[in-house]
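Quick note: the coordinates plus some simple rules give every number you see, no bench work behind them. Note that the structure is predicted; figures quoted are calculated from it, not measured. Cβ atoms come from the backbone with ideal geometry, glycine included; neighbour counts cover every protein chain shown.
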Amino acid sequence: MTTYLLQRLMSAALTVWITTLAICFLIHLVPGDPVQIMYAQSATTSPEQLEQIRHSLGLDRSIIHQYIIYMGKLLQGDMGVTIRGQQSVAELLLLRLPNTLLLTLSALTLAIVFGGVSGFIAAYKQGQWPDKVLMTGTVVGISVPPFWLGLIVLSLFSVELGWFPVAGQGLGSLVLPAVTLAACQAAVIGRIVRSTMIDVFAQDYLLTARAKGLSKPKVLLRHALRSGLIPIVSVLGMQFAYMMGGAIVIEYVFSWNGVGRLAIQAIFQRDYPLIQGFVLCFSMIVVLVSVAMDLLYAFLDPRIRQE
Amino acid sequence: MAETQSPVVLSVADLSVSFKQGASVKTVVKAMSFDVLAGETLAVVGESGSGKSVMSRALLGLLPAGSADVSGQAMLSKQGEQVELLSLSDQSLRKVRGNHIAMIFQEPMTALTPVLSIGEQLMEGILTHQPLSRSEAFELAVSMLQEARIPEARKRMAQYPHQLSGGMRQRVMIAMALACRPRILIADEPTTALDVTVQAQILKLINTLKTQYNTAVMLITHDMGVVAEAADRVLVMRRGDFVEAGSVQQVFSKPKQAYTQTLLASVPKLGSSAKQPIATIAENDAAVPLFDVADLCVQFDVREGLFNRVRSRVHAVEQVSLKLFPGETLALVGESGSGKSTLGRALLNLVPSSAGAIRFRGRDITGWSASMMRPLRKQIQMIFQDPFASLNPRKTVGALVEEPLKLFDICSDSERKQRVGELFERVGLSADDMTRYPHQFSGGQRQRICIARAIACEPRVIVADECLSALDVTVQAQVIELLQSLQQELGISLLFISHDLAVVEQISDRVAVMYMGRIVEMGDTARVINRPQHSYTQRLLEAVPVADPTKASLLNRPLNNSEIPSPVRSIFEEIPRHNMTNITSIGEHYVADDSAAVAPSDVTEDVA
């Protein structure tokens with residue numbers, strides 16, 4: 001278990017390090033002069049000022065040198081300042097991050113609960129009407145683009161029916177974006193749970209459990225579900241990563257004041273330091289969550305736990 | 001024998017089971033009637049599709065509720081009262097399951113829940129049926145594991161199924177099944193997935209506990225050897241029908257029905273059926289061997305620790321030397337994990353060898369790449385164990401057999417169809433079958449198709465890896481006959497990999513016994529089987545069940561409860577040189593020099 005844990009942490013650290021490399025060199029992938037593009041909208045900036053900005057961003061030095069400076073600052077928690085307004089990127093991200101986490105974690109919880117329950121029922125009633133209904137539902141969930149679904153629920157429940165606020169940061173405003181974000185993931189999780197549980201239901205050990213005279217809930221929950229959780233948990237980490245991507249669009253649609261909305265604004269304004277900070281922040285969250293899922297996986301699987 | 005004294009515990013009358021398949025109804029058990037007596041072993045025998053497993057599951061209501069239709073009567077007598085099982089509700093039936101009637105299954109590797117500890121799985125059954133506290137249930141579970149001769153029973157309680165071997169898991173299943181002292185134990189092919197030496201241990205264990213607790217055993221099996229060794233009475237089934245029943249002696253000595261006679265005649269019996277030597281290999285030494293293998297080793301790295309470094313290796317094949325001559329059959333025999341399949345694959349360079357040399361027809365082919373091997377593949381073909389998995393389900397069988405002909409450009413396009421037709425007829429199928437798909441054939445027919453595919457490009461060698469193990473005995477006998485006639489006609493050499501000594505005796509000229517990756521004994525088949533010299537060969541032969549109740553003695557012999565040690569060795573460990581000596585002047589009979597080292601050290605029965 002400790003070996004497994006250390007291996008996971010090492011690969012997580014490696015992933016984060018590769019991300020910092022990518023982020024630092026990302027700016028050079030932009031065709032043309034990044035500084036000119038950044039300031040293209042403000043015609044008043046003089047060539048001397050541009051040179052000064054280039055120097056302050058370190059862009060006039062060698063790539064290696066730039067990376068060393070970038071990492072040196074990063075390790076002290078300094079992610080630079082935004083181009084518009086000269087605010088600290090780190091502070092700005094930290095201010096918005098709780099909102100994003102609130103949204104994604106509540107969406108993940110919804111997706112696990114709805115996807116898990118419907119997948120389990122569909123597997124248990126395989127081939128019968130509940131299975132068919134639920135699986136048709138998942139096809140819809142997977143096919144509908146989240147931004148479109150967002151606009152539809154927004155106009156229906158907020159504008160027409162007025163049940164929820166159109167925008168804002170309260171708990172009432174959380175419902176619609178969380179449900180929209182969860183819908184697609186619930187469908188994916190539902191299908192994964194269904195196929196896993198169908199596999200588990202066919203296993204010999206369930207026959208053993210029934211032949212022992214155990215009650216149905218014991219057979220289904222203790223023997224079937226506990227075994228089925230292992231493969232399901234192993235894909236949840238990746239599903240969360242997809243969900244973080246989806247959150248960017250959803251935050252924008254519902255004007256939810258999270259990191260994703262900030263990122264879209266930063267992209268429109270060519271605010272490179274902010275984009276870099278955002279990419280690093282998002283990838284670290286994804287890495288953290290997948291490490292957590294790996295831990296859960298190891299805890300559930302005695303083959304890893306006992307090592 | 002015991003028919004008049006012992007009370008009836010289960011009386012089954014007119015039991016029928018049918019399954020709905022769309023609009024049609026398929027009856028798989030037809031009006032079966034029989035009694036199970038206290039303390040006896042009733043063997044239910046039949047080939048695949050006979051309905052024997054379905055019947056046993058129907059008794060406990062374990063068939064899928066929606067599709068199975070069960071009718072008839074099954075009276076269970078418990079504590080003086082009679083209960084009709086088939087009309088019970090699922091809730092009342094649950095009180096019977098595991099309590100009055102317990103079951104164990106074929107596949108011990110998958111029959112235990114992987115995420116629950118052995119202790120939890122044992123205790124939950126006990127707590128369901130008995131008014132005990134958790135600590136009392138724990139102690140009962142420990143004592144049951146001890147009864148099942150599981151060493152260090154207390155320690156096992158906290159272990160998980162993956163930490164135990166197949167034989168140990170089957171012992172856990174038995175301990176679990178007997179924990180509530182059931183009146184009847186239904187054992188559904190309990191030893192089929194186990195090696196013969198382990199099979200002997202498990203059969204003996206079931207028999208001992210049966211006597212101890214006066215439990216009736218319903219032993220469901222396809223193996224007539226197991227029946228002769230372990231049963232008191234026999235019930236023969238075929239395609240859901242009752243064939244005949246009687247005491248073991250009666251059924252084996254005077255079978256009444258033609259089917260029982262065929263079944264008994266098909267069983268290969270050890271020591272009775274020596275193969276006629278093939279004339280062409282009379283002067284072995286003069287011929288150039290097809291395969292000449294010297295000191296071949298195959299090792300697989302085991303990566304461990306934080307940095308995945310190789311600290312130890314699995315020594316799957318260790319210093320193996322052998323020759324395969326044209327036209328002969330060499331059998332590789334051994335238990336699971338002995339390295340016989342790996343050796344077969346290493347010869348074809350399908351797994352990389354780590355040391356030693358492989359010569360094919362005088363040419364050194366050691367370490368050849370896939371592209372270098374490709375022209376040679378025409379001369380060396382393989383047949384696998386599972387005829388269901390080795391045929392692509394999306395291609396017609398004609399296309400599958402035609403494939404090697406196309407690949408090696410053996411005949412022109414126009415001739416090819418005709419050649420495939422000839423091949424089909426050669427293996428006992430019709431040329432009209434060419435347009436059908438694999439799922440439309442039975443297991444035996446599929447294995448014939450695999451054979452047709454293997455002989456299509458007229459190979460010199462066929463490596464047959466357990467190619468008979470998945471087949472019923474009557475089918476097995478036909479396929480053996482086919483292989484032998486093909487061999488005589490085409491002069492193909494056969495490397496026959498098998499765990500079944502009786503089949504090996506029928507089919508092979510020479511035999512090599514493998515143990516932990518090494519060949520421990522090799523020589524003319526009759527000599528090795530009739531006069532085994534190595535302690536492991538002796539142990540293996542002793543454990544083979546004899547399909548003759550008058551000679552059966554497995555249950556009376558003291559048994560070695562030891563398990564095969566692990567072939568994983570540290571990379572720093574020095575591997576001793578493996579030497580073999582020819583102990584005969586006429587022919588060959590090589591015996592490994594380490595016989596004493598492998599000898600069973602603990603010939604004790606009670607480990608507990």
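Indicate the gyration tensor shape class of segment B:370-412 (rounded, prolate or oblate), computed on the Cα atoms with a ≥ b ≥ c the square roots of the eigenvalues: a/c under 1.5 is rounded; otherwise a/b larger than b/c is prolate and the rest oblate. Oblate, because a/c is 1.5 or more while a/b does not exceed b/c. The 3J(HN,Hα) values that the Karplus relation (6.51, -1.76, 1.60; θ = phi - 60°) gives for segment B:457-474 are, in residue order, 9, 6, x, 8, 10, 10, 9, 10, 9, 6, 6, 10, 5, 8, 9, 5, 4, 5 Hz. Gly and Pro appear as x. Full extension of the chain segment joining A:LEU94 with A:MET71 gains 6.4 nm, where the gain is 0.36 nm per residue of separation less the Cα-Cα distance. Compute the angle between helix B:397-407 and the longest alpha-carbon principal axis of chain B, please, reported from 0 to 90 degrees and rounded to the nearest 10. Its long axis makes an angle of about 30 degrees. In this structure, the pairs whose alpha-carbon distance is over 30 Å, taken from B:LYS52/B:LYS551; B:LYS52/B:LYS269; A:LYS132/B:LYS30; B:LYS340/B:LYS417; B:LYS26/B:LYS78; B:LYS30/B:LYS256, are A:LYS132/B:LYS30; B:LYS340/B:LYS417; B:LYS26/B:LYS78.
Distance between the pseudo-spin-label points of B:THR581 and B:ARG361 (7 Å out from Cα toward the beta carbon): 3.9 nm. Taking each residue as 0.36 nm, the span from A:LEU295 to A:LEU102 lengthens on full extension beyond its C-alpha to C-alpha distance by 67.3 nm. Protection proxy ranking for B:72-85, B:417-430, using the average of other Cβ atoms within 10 Å per residue and placing the highest first: B:417-430, B:72-85. Ellipticity at 222 nm from helices only: DSSP H runs of n ≥ 4 in chain A, each -39500 (n - 2.57), divided by the residue count, give -24500 deg cm²/dmol. To test your reading of the geometry: what angle, between 0 and 90 degrees and rounded to tens, separates the Cα axis of helix B:134-147 from the longest principal axis of chain B? Approximately 50 degrees, to the nearest 10.
Look at the stretch A:211-224: the mean tally of other chain Cβ atoms within 10 Å of its residues' Cβ atoms is 6. Its DSSP H runs of at least 4 residues, each contributing -39,500 (n - 2.57), put the calculated 222 nm mean residue ellipticity of chain B at -9500 deg cm²/dmol, to the nearest 500. For A:ILE18 and A:LEU59, a Förster radius of 25 Å and the Cβ-Cβ distance give a FRET efficiency of 0.70, rounded to the nearest 0.05.
Shielding by partners for peptide B:93-104, expressed as the average number of C-beta atoms from other protein chains within 10 Å of each residue's C-beta, is 3.
Within the straight-line cut-off of under 13 Å between alpha carbons, the aspartates and glutamates reachable from B:LYS204 are B:GLU147, B:GLU229, B:GLU605, B:ASP606, sequence neighbours fewer than 8 places apart in one chain being disregarded. Each part reduced to its alpha carbon centroid, segment A:265-303 and segment A:237-263 end up 12 Å apart.
Taking amide hydrogens as placed 1.01 Å from N in the peptide plane, the amide H of B:TYR515 sits under 5 Å from those of B:VAL520, each at least 5 positions away in sequence or on another chain.
Please identify every one of the trypsin sites (Lys or Arg not before Pro) in segment B:350-403 that sits in a loop by DSSP and has no more than 14 other beta carbons within 10 Å of its own beta carbon. Sparse-neighbourhood loop trypsin sites (Lys or Arg not before Pro): B:ARG394, B:LYS395. Within chain A, the selection of entire DSSP H helices by a Cα span of 27 Å or greater along the long axis and an average Kyte-Doolittle value of at least 1.6 returns A:89-124, A:272-300. Kindly identify chain A as rounded, prolate or oblate by the Cα gyration tensor criterion: order the square roots of the eigenvalues as a ≥ b ≥ c, call it rounded if a/c is under 1.5, otherwise compare a/b with b/c, prolate if a/b is larger, else oblate. Since a/c reaches 1.5 but b/c is at least a/b, the shape of chain A is classed as oblate. Within segment B:63-96, which residues have the backbone N less than 16 Å from the label spot 7 Å out from A:SER215 along Cα→beta-carbon, could you tell me? Taking a point 7 Å out along Cα→Cβ of A:SER215, the residues of segment B:63-96 whose backbone N falls under 16 Å are B:90-96. In a fully extended conformation the segment linking B:LYS406 and B:LYS20 would gain 134.6 nm over its present Cα-Cα distance, using 0.36 nm per residue.
The listed peptides B:450-461, B:176-187, A:46-57, ordered by packing as a protection proxy, come out as B:176-187, B:450-461, A:46-57 (highest mean of other Cβ atoms within 10 Å first).
Across peptide A:293-302, the mean count of Cβ atoms from other chains lying within 10 Å of each residue's own Cβ comes to 1.
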